[in-house]
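Take a look at the structure set out below.
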Amino acid sequence: MRNQLAEVLSEKGIVDNAVLNAIRSIPRHLFLDSSFEDHAYQDKAFPIGADQTISQPYTVAFQTELLQVEPNHKILEIGTGSGYQTAVLLKLKARVYTIERQLELFKKTNLFFNKMGYRPKNVIFGDGYKGLPEEAPFDGIIVTAGAPFVPNPLLAQLKIGGRLVIPVGVDEQIMTLFIRKSAKEFEKKELGSFRFVPLLEDKN
């Protein structure tokens with residue numbers, strides 16, 4: 001079923017083999033509540049509690065591909081959620097720092113990581129809008145919730161050459177890629193519309 005899912009994503013335009021291999025190898029059904037197990041390998045989003053969702057696999061693959069993750073890259077993930085996106089980044093041998101603002105999900109996913117042997121560098125309970133200045137700069141930052149605006153701290157915490165992948169918008173989001181060209185200069189690319197749960201500020 002994982003192979004079939006990878007095939008579907010490939011047909012939808014995902015070309016990065018490392019990303020497709022991660023999709024093939026990660027047991028997505030374990031990241032869902034058991035009632036959804038039958039649906040785990042469909043290319044769909046599902047609720048995971050605390051009004052949050054596990055993203056559609058295509059979205060996960062699309063965002064990950066945009067990050068251009070290399071082994072040992074330092075990646076900041078805003079919105080740990082179910083941990084599925086985290087697992088994909090870990091499979092690509094990234095050093096992952098991940099922030100979740102929903103306490104219920106933070107606790108649940110942290111336990112799950114321990115049980116499954118997933119080892120992010122740090123799982124943080126907090127406000128993703130602020131990023132993680134004490135660990136900056138990052139090779140890549142990925143935001144897995146819809147942001148009404150681009151938080152400046154996230155741009156500031158990118159390395160030169162680093163990439164921020166963030167869905168920007170209120171009801172519908174535009175997937176946006178920022179590449180840091182210099183201390184002051186960023187290249188911006190807009191890559192189609194998506195729907196995410198909102199990224200909420202200071203609401204724990």
When (1) under 16 Å from the mean Cα position of the chain (by Cα); (2) exposed (fewer than 15 other Cβ atoms within 10 Å of the Cβ) are applied to G128, the one that fails is (2)
Taking the stretch 1-15, which residues are open to solvent by less than 50 Å² (accessible area, probe 1.4 Å) and assigned to a loop (DSSP other than H, G, I, E, B)? G13, I14
If you scan the stretch 83-108, which residues turn out to be open to solvent by 10 Å² or more (accessible area, probe 1.4 Å) and polar (S, T, N, Q)? Q85, Q102
Scan of the stretch 115-125 for residues that are open to solvent by less than 40 Å² (accessible area, probe 1.4 Å) and hydrophobic (A, V, I, L, M, F, W, C), ordered by number: V123, I124
Just one of (1) open to solvent by less than 40 Å² (accessible area, probe 1.4 Å); (2) farther than 19 Å from S82 by Cα; (3) aliphatic (A, V, I, L, M); (4) in contact (Cβ under 8 Å) with a residue 24 or more places away in the chain trips up I179, so point out which. (4)
Contact list please: Cβ distance under 9 Å, first residue in the stretch 98-126 and closer than 12 Å to T80 by Cα and free of Cβ contacts under 8 Å to residues at least 40 places away in the same chain, second residue among the charged types (D, E, K, R) and exposed (fewer than 13 other Cβ atoms within 10 Å of the Cβ), pairs at least six apart or on different chains. F113/R119
Extreme residue, nearest to A147 (Cα to Cα), among residues of the stretch 65-99 that are charged (D, E, K, R) and touching a strand residue (DSSP E or B) at 6+ places or on another chain (Cβ under 6 Å): E77
Looking at the stretch 21-61 only, could you name the residues that are closer than 22 Å to K189 by Cβ and surrounded by fewer than 22 Cβ atoms within 10 Å (Cβ to Cβ)? Q56, Y58, T59
Looking only at the stretch 154-176, and only at residues there that are surrounded by fewer than 18 Cβ atoms within 10 Å (Cβ to Cβ) and at pLDDT 95 or above, the one that is farthest from S55 (Cα to Cα): I160
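The values are calculated or read from the model by the stated rules, or taken from the named source; none is laboratory data. If you're wondering where the values come from, they're calculated on a predicted model, not measured in any experiment. Note: ideal-geometry Cβ built from the backbone for every residue, glycine included; neighbour counts use all protein chains shown. Keep in mind that these areas ignore ligands, DNA and RNA; they rest on the heavy atoms of the full protein, side chains included. Shrake-Rupley method; radii C 1.70, N 1.55, O 1.52, S 1.80 Å.
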